[in-house]
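Peer 1: Dumping the structure here so I can ask a few things about it.
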Amino acid sequence: MDQNADDQRETKRPRIYNNKQRGKAVNKQPIEDTTNTSITKQAILSSFKSYRDTLDAHYDQRERVIKCSRDITALSKKIVFTLLRITQDGQTQVFDEAERKHKQVVELFVKISSDLRGTDAYKYNGQATHGIQEYIEALGLWTFLKDNRLITREQVLERLTPEGAQEPLVNVTESDYVLGICDLPGEVNRFCINSIGKGDREAVKRCVAFLRVMKEGVALLLCSGKIKDLDKKFEVLDSSLSKTEAAYYSMSIREGEMSAMDVDAPPPPSSGNQAVAAAE
Amino acid sequence: MDIQVFVDLQDTLDQESSLFDAIKEAIKELNKICRIGSAKLSKVHAVPQSQTQEIIDAIKPQFAEIKQKLSTLAGFIKPVTFFKYHDMWGYAVQSACALVVFSIYLEHSRLATPEDIHEYLGFRVNTTNSDISEFVITLEEYLHSVVSMFNELSRLAVNAVIAGDIKRPQEISTFASELYSGFQLLNLKNDALRRRFDSIKYDIKKIEEVQYDLRVRGLIS
């Protein structure tokens, strides 16, 4: 009966002590039945255990980078939304808020940088690139609105270099940079449409000029042909440019109509004081 | 003025272009030799086990060439950008490792270790996640090449019976199941390695079916 009890027991959980030392738990590890395990099998199992550890650590690191990249993406998008409110909230407020959010993004970059050191930078670039691209898009829009020019890769790296540090927090590859700025046209287009609503002719002109330069530039890069999916981005860029040009066109036409109708048409309000215009 | 940004970028990308081409060429060469080696080694499926050794000996020149081609490829890669171009040669390196793994099984009836790979191919297998300071074969490439062997083993089991080695499938079956238990220890994510791992069970099944066929006909005890 004892034997039966034993047999039933074995299938349920491993014994913590073998038969001979019954009652004395020598160690708490379940003893593996190695009597039937050949030398080759033991060698295989032992090697694969160490491979498992290596792979586990690698996958964990990859996950951390993915999660951090997602957070960077989310926060960068918030910066973009903040910047697009410039047509209603004005420069100062918007740039201040962007600066505040930027500090938070930098903290995220500090976090991700510990997993992107040395050769890991390229190893996990595939996972980090999305966040980096969104960040570049946010910075790009910011620089366009503030200084009316295109941010360079070096300037992105500068923004990612903390005070007194020698190196930027993360590396930004040419590919990260190009794909990042290629998402600008969509946002510039939104800004353009908003500006038309405010009658800001100058802003619309700037948008069109900027996008035309971008199109020319990206077309050049397509000739070098080494950046993945650049052709699809180019198509989106082109369509954003078309929309922006169409918007500029309809704005110009309307002005023509307005001045043709003369007297009763209010002058297009300049960006700023609508109250003043109404009072005139 | 903004356009200058793009002109400079284009220069950088163009300079990289010649490196890309050199790497591609080296990979092409490597693939060619691997294919020749693989074709020669496939002959073991057609002969009884006693004749295996001469086939293994016959591919020694291929291994020497593979070592050399791999070295040429490695010469183009600076360790700091190792992972930038790594996906380009993944398949070629896997093929080379697979040849080593299969040869060593045929000759010594055991799994080729990273040390064996180092000896045959001239480069270390990076079994840890440490920083790369030289050209290495990644752990995933090594594991992929080991997975490739299961397919060879299941074919070998079938062909052993055809060649009259009816005791051989048992050895193959034991080895395959030991190797599979090793693989089952890994915690895989839903990537290429996982998909290939999932196909191992079909090879195991095939080998077991060969065993069953032999046993049920009383050809083995």
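Quick note: the coordinates plus some simple rules give every number you see, no bench work behind them. Keep in mind it's a predicted model, so treat the numbers as computed, not measured. Cβ sites come from the backbone with ideal geometry, for glycine too, and all protein chains shown count toward neighbours.
Peer 1: What does the convex hull of the alpha-carbon atoms of the protein assembly as shown project to on average, in nm²? Let's see the in-between values first.
Peer 2: Numbers: hull surface 146.5 nm².
So the Cα hull casts an average projection of 36.6 nm².
Peer 1: From the backbone phi of segment A:120-130, what are the Karplus-calculated ³J(HN,Hα) couplings (6.51 cos²θ - 1.76 cosθ + 1.60, θ = phi - 60°) in whole Hz, Gly and Pro given as x?
Peer 2: Working through the residues one at a time gives 5, 4, 6, 4, 10, 4, x, 7, 8, 4, 4 Hz.
Peer 1: Could you work out the mean count of beta carbons from other protein chains within 10 Å of each residue's beta carbon in A:169-177?
Peer 2: 1
Peer 1: In debye, nearest 20: dipole of segment A:66-210 around its Cα centre with unit charges on the Cβ of K, R (+) and D, E (-)? Please report the intermediate quantities before stating the final value.
Peer 2: Values: 20 positive and 21 negative charges, 81 e Å.
Here segment A:66-210 has a charge dipole of around 380 debye.
Peer 1: In debye, nearest 20: dipole of segment B:89-221 around its Cα centre with unit charges on the Cβ of K, R (+) and D, E (-)?
Peer 2: On the way: 14 positive and 18 negative charges, 122 e Å.
Dipole size: approximately 580 debye.
Peer 1: Still on this structure: Where is the GNM fluctuation largest for chain B (alpha-carbon springs, 10 angstrom cutoff): B:Lys60, B:Lys206, B:Lys84?
Peer 2: B:Lys84
Peer 1: Given the pairs A:Lys49/A:Lys111; A:Lys123/B:Lys201; A:Lys226/B:Lys69; A:Lys77/A:Lys243; A:Lys123/B:Lys78; A:Lys49/B:Lys167, which are separated by over 20 angstrom at their Cα positions?
Peer 2: Values: A:Lys49/A:Lys111 30 Å; A:Lys123/B:Lys201 31 Å; A:Lys226/B:Lys69 25 Å; A:Lys77/A:Lys243 22 Å; A:Lys123/B:Lys78 14 Å; A:Lys49/B:Lys167 31 Å.
Flagged as over cut-off: A:Lys49/A:Lys111; A:Lys123/B:Lys201; A:Lys226/B:Lys69; A:Lys77/A:Lys243; A:Lys49/B:Lys167.
Peer 1: While we're on this one: What residues qualify as long-range amide H neighbours of B:Asn126, i.e. H under 5 Å apart, gap of 5 or more or another chain, H built at 1.01 Å from N?
Peer 2: B:Ile137, B:Thr138, B:Leu139
Peer 1: Still on this structure, I have one more. How big is D, in µm² s⁻¹, for segment A:50-134 by Stokes-Einstein at 37 °C and 0.692 mPa s if Rh is the Kirkwood radius over C-alpha pairs? Can you show the working numbers first?
Peer 2: Values: Rh = 14.1 Å.
In µm²/s, the coefficient rounds to 233.
Peer 1: In whole Å and largest first, what semi-axes does the C-alpha gyration tensor of segment B:73-217 yield when each eigenvalue is scaled by 5 and square-rooted? Walk me through the numbers on the way to the answer.
Peer 2: Details: eigenvalues 212, 50, 27 Å².
Over the Cα atoms of segment B:73-217, the ellipsoid semi-axes are 33, 16, 12 Å.
Peer 1: Could I ask something else about it? Which whole-Hz couplings ³J(HN,Hα) result when phi for each residue of segment A:178-192 is put into the Karplus expression 6.51 cos²θ - 1.76 cosθ + 1.60, θ = phi - 60°, listed in order with x for Gly and Pro?
Peer 2: Going residue by residue, I get 4, 5, x, 6, 5, 8, 5, x, x, 6, 4, 4, 4, 4, 4 Hz, with x marking Gly and Pro.
Peer 1: So what's the projected area for segment B:70-131, the Cα convex hull averaged over all directions, in nm²? Mind dumping the intermediate values first?
Peer 2: On the way: hull surface 18.1 nm².
Its Cα hull, projected and averaged over all orientations, spans 4.5 nm².
Peer 1: Please give the average number of partner chain Cβ atoms lying within 10 Å of the Cβ of each residue in A:209-220, rounded to a whole number.
Peer 2: Values: counts 1, 1, 0, 1, 5, 4, 0, 3, 8, 2, 1, 6.
If you average over the peptide's residues, the count of other-chain Cβ atoms is 3.
Peer 1: What per residue convex hull volume, in Å³, do the alpha-carbon atoms of segment B:146-221 yield?
Peer 2: On the way: hull volume 5.7 nm³, N = 76.
Value for segment B:146-221: 75 Å³ per residue.
Peer 1: Oh, and also: Could you work out the percent of alpha carbon pairs in segment A:124-198 separated by over 15 Å, rounded to a whole number? Present the calculation step by step, with values, prior to reporting the outcome.
Peer 2: Details: 1550 of 2775 pairs.
Roughly 56 percent, once rounded to a whole number.
Peer 1: Also: If you project the alpha carbons of segment B:17-60 onto the principal axes, what extent comes out on each, in Å, largest first?
Peer 2: 50, 16, 8
Peer 1: Now, a different point. Please compute the modelled spin-label separation between B:Ser71 and A:Tyr249, points set 7 Å along Cα→Cβ, answer in nm with one decimal.
Peer 2: If labels sit at A:Tyr249 and B:Ser71, their model points lie 6.5 nm apart.
Peer 1: In degrees, nearest 10, range 0 to 90: what is the angle between the Cα axis of helix B:139-163 and the longest Cα principal axis of chain B?
Peer 2: 30 degrees
Peer 1: Rg and Dmax in Å for segment B:23-104, alpha carbons only: what are they?
Peer 2: 14.3, 48
Peer 1: From the phi angles alone, apply the Karplus equation (6.51, -1.76, 1.60; θ = phi - 60°) to segment A:64-76 and give each ³J(HN,Hα) in whole Hz, x where the residue is Gly or Pro.
Peer 2: After applying 6.51 cos²θ - 1.76 cosθ + 1.60, I find 4, 5, 4, 5, 5, 4, 5, 5, 4, 4, 4, 5, 5 Hz.
Peer 1: Which entries of A:Lys146/A:Lys198; B:Lys32/B:Lys189; A:Lys233/B:Lys24 show an alpha-carbon separation above 21 angstrom in the structure shown?
Peer 2: Values: A:Lys146/A:Lys198 18 Å; B:Lys32/B:Lys189 32 Å; A:Lys233/B:Lys24 26 Å.
Table pairs above 21 Å Cα-Cα are B:Lys32/B:Lys189; A:Lys233/B:Lys24.
Peer 1: Of the candidates B:Asp191, B:Asp131, B:Asp11, which one comes out as most mobile in a Gaussian network treatment of chain B with C-alpha springs shorter than 10 Å?
Peer 2: B:Asp11
Peer 1: Using 7 Å Cα-to-Cβ label points, what is the A:Ser50/A:Glu216 separation (nm, one decimal)?
Peer 2: Simple spin-label model gives 6.0 nm for this pair.
Peer 1: Would you work out the charge dipole size for the protein assembly as shown about its Cα centre, treating the Cβ of every Lys and Arg as +1 and the Cβ of every Asp and Glu as -1, and quote it to the nearest 20 debye?
Peer 2: Working: 66 positive and 72 negative charges, 419 e Å.
That gives a dipole near 2020 debye.
Peer 1: I want the local charge near A:Phe81. Using Cβ-Cβ distances under 13 Å, sum +1 for each Lys or Arg and -1 for each Asp or Glu among the other residues.
Peer 2: 0
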